[in-house]
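Below you'll find the structure, written out as structure tokens, and then a few comments.
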Amino acid sequence: MLVGRLHKPSFLFAYLIGHLIRVSDAKLVGNYVSEAKGPNKKLTIKTVENLTVKIDRTLDNRYTPPPSKKLNR
């Protein structure tokens, strides 16, 4: 199970935080943090993809993120 939260200390950036819990024994398996800077939707999507890759490394490495695209700012 992934327990997530959004920490937004400023309008300039936010942190996506996830705690991965193994349900069978309630053990914490991993802690993850990804930073999003700015209000740009594409950057937020990239931050979610980065968080997904971090979580996948702990699991069975099945996720393949989409190819990187040049971000328009």
Segment 2-58: relative contact order from alpha carbon pairs under 8 Å, six or more residues apart, as a whole percent, is 28 percent
By the Cα gyration tensor axes a ≥ b ≥ c (a/c under 1.5 gives rounded; else a/b larger than b/c gives prolate, otherwise oblate), the shape of segment 2-58 is prolate
Applied in sequence order to segment 12-18, the curve 6.51 cos²θ - 1.76 cosθ + 1.60 (Karplus, θ = phi - 60°) yields integer Hz couplings, x standing for Gly and Pro, of 7, 7, 8, 10, 8, 10, x
From fewest to most C-beta neighbours within 10 Å, the residues Thr44, Thr58 line up as Thr58, Thr44
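A short reminder: the numbers here are calculations on the coordinates, not readings from a lab. Keep in mind it's a predicted model, so treat the numbers as computed, not measured. No Cβ is skipped: glycine too gets one built from the backbone with ideal geometry, and neighbour counts run over all protein chains shown.
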